[in-house]
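What follows is a short report on a single structure.
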2 protein chains.
Amino acid sequence: MKELKTKIAPRPRGRPRSERARQEILEAAYKLLRDKGFNAVGSHEIAQTAGVSSATLYRWWKSKEEILFDACFERMKPILAIPETGSGLTPLRRYVLRAAEFLVSEEGAVMARVFTGIHEDKRLRQAFLERYVEHRRQIQRRIIEDAIASCELKSTTDPELLIDVLTGPLFFRWLQGHAPLDKGFAKSILDSVIPAFRPH
Amino acid sequence: MKELKTKIAPRPRGRPRSERARQEILEAAYKLLRDKGFNAVGSHEIAQTAGVSSATLYRWWKSKEEILFDACFERMKPILAIPETGSGLTPLRRYVLRAAEFLVSEEGAVMARVFTGIHEDKRLRQAFLERYVEHRRQIQRRIIEDAIASCELKSTTDPELLIDVLTGPLFFRWLQGHAPLDKGFAKSILDSVIPAFRPH
DNA sequence: GTAGAAACGAAACTTTAGGTTTCGTATGTC
DNA sequence: GACATACGAAACCTAAAGTTTCGTTTCTAC
């Protein structure tokens, strides 16, 4: 009972963290990430662009990688919050087309840099799975399960498999870049894969 | 005509490059890459492990990344040289199963590190496409075209699409690691995708 | 066999960048 | 007004990539 207050106003003592500085840092980091790439961004450069001291960076983040990671997700937040509507196969098709659109956008390119940049950092990879991948898959799972329930997909459909077969090829071209990733490609995937999961 | 000799014995003057040093460097680089990861390997560490001077490294390679890149491909050369035999759908199924096997192997894990490690280096990405991707796709293209010719696949099959739909999901799990990449998964992909490309 | 050309090892060196420390000041709560 | 904590500025530390120097070795040409 004596901890009830912490739920309502757990405001710590002392000077509060500057929300302005936090936003400036993440914004500066995102822009540098976009303009120069993951490895080329300097930590002092981020601080200078944000009009902030280097010390402030490392008061809140453990490493440059973590800053860039957070900067990416801060930016993607509104983009990834688009709600899913409709029923049957329509939302599934729309989801894949939107995913393709996102991956080729500027934000998608930045995310590719972050994705490859953090690949060897176990903690950040885990965070990526939790904060991005798992959330996205959850949406797709729900869509697919709905379509199964309405008999637009076979009752034996494995949602995990279908997600990977639909999204994997997009991811493949996104990172490897052996061929263009456009809406035509996304449609081709849908048109060839979905029939294999439909009841006859 | 006066350049004819260069084709037969273009041996330059001076002391020849040490083939032994070259191999020791690439071998040391591969082992360090395997044991410590792409970013954690130091250039002086490679030199020391190989019993070679740092200067020798940079006489032949432009950067540490290039050394690790070459070290990876030197090691993969024999693995990737396995010939393809058989006709019909068998070689296609076998290819996908072997690809899955390779990706989860130690060598596959090392290659993932190299792949992500060089992502922002334009020259090395291009080299990766030419030295690895294009070669692998060529093999798959031939297999698929054979299967089309023998009417085991629809005549309208787009080889590029089929390659991406079969391999993309493997690649997806390989790099993103949201779910295990094993033979069972590879079989599931084959069993669900191939029927969609078969003539009825 | 000797001259010239180029690679080699050893080791000092330069530069850049990630991250830390210090300290005086600013901003909040009690 | 006391206390706690964040802030900026700037010097600082350390590690690592890549370079330079130089004496030595290994080859070709004559």
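Does residue A:139 meet the test of being buried (at least 18 other Cβ atoms within 10 Å of the Cβ), over 11 Å from the mean Cα position of the chain (by Cα) and more than 9 Å from chain B (Cβ to nearest Cβ)? It is false that residue A:139 is buried (at least 18 other Cβ atoms within 10 Å of the Cβ), over 11 Å from the mean Cα position of the chain (by Cα) and more than 9 Å from chain B (Cβ to nearest Cβ). Residue selection: residue B:40 satisfies the criterion of being part of a loop (DSSP other than H, G, I, E, B) and either more than 13 Å from DNA strand D (Cβ to nearest atom) or within 14 Å of chain A (Cβ to nearest Cβ) (or both). Checked against (1) within 11 Å of chain B (Cβ to nearest Cβ); (2) touching a Cys at 6+ places or on another chain (Cβ under 9 Å), residue A:199 passes all but condition (1).
Would you confirm, using the coordinates I've provided, whether residue B:130 is in a helix (DSSP H, G or I), within 13 Å of the chain's Cα centre (by Cα) and in the same structural domain as residue B:174 (by TED's automatic domain parsing)? Yes, satisfied.
Which residues, counting only those in the range B:139-181, are hydrophobic (A, V, I, L, M, F, W, C) and under 28 Å from residue A:114 (Cβ atoms)?
Within the range B:139-181, the subset hydrophobic (A, V, I, L, M, F, W, C) is B:139, B:143-144, B:147-149, B:151, B:153, B:161-163, B:165-166, B:170-172, B:174-175, B:179, B:181.
Hits for the range B:139-181 are B:163, B:165, B:166, B:170, B:171, B:172, B:174, B:175, B:179, B:181.
Within the range A:176-187, the only residue that satisfies the criterion of being facing another protein chain (nearest Cβ under 7 Å) and buried (at least 21 other Cβ atoms within 10 Å of the Cβ) is A:176. Only a single item in (1) among the acidic types (Asp, Glu); (2) more than 12 Å from every other protein chain (Cβ to nearest Cβ); (3) surrounded by 16 or more Cβ atoms within 10 Å (Cβ to Cβ) is not met by residue B:145, and it is number (3). The residue that is surrounded by the most Cβ atoms within 10 Å (Cβ to Cβ), counting only those in the range B:7-37 that are modelled with pLDDT under 95, within 11 Å of DNA strand D (Cβ to nearest atom) and of a type in the set (Lys, Arg), is B:17. Scanning the range A:55-80 for residues that are within 16 Å of DNA strand D (Cβ to nearest atom) and either on the phi > 0 side of the Ramachandran plot or not small (Gly, Ala, Ser) (or both) yields a total of 13.
Got at least one residue in the range B:10-28 being touching a residue at least 12 places away in the same chain (Cβ under 8 Å) and away from DNA strand C (no atom under 12 Å from the Cβ)? Within the range B:10-28 (the criterion being touching a residue at least 12 places away in the same chain (Cβ under 8 Å) and away from DNA strand C (no atom under 12 Å from the Cβ)), the answer is yes, since at least one residue qualifies.
So which residues in the range A:176-200 are touching a helix residue (DSSP H, G or I) at 6+ places or on another chain (Cβ under 6 Å) and among the aliphatic types (A, V, I, L, M)? Those that are touching a helix residue (DSSP H, G or I) at 6+ places or on another chain (Cβ under 6 Å) and among the aliphatic types (A, V, I, L, M): A:179, A:181, A:186, A:189, A:190, A:193, A:196.
The values are calculated or read from the model by the stated rules, or taken from the named source; none is laboratory data. This structure is a prediction, so every number in the text was calculated from the model and none was measured. FYI the Cβ positions are ideal-geometry reconstructions off the backbone, even for glycines, and counts take in every protein chain you see.
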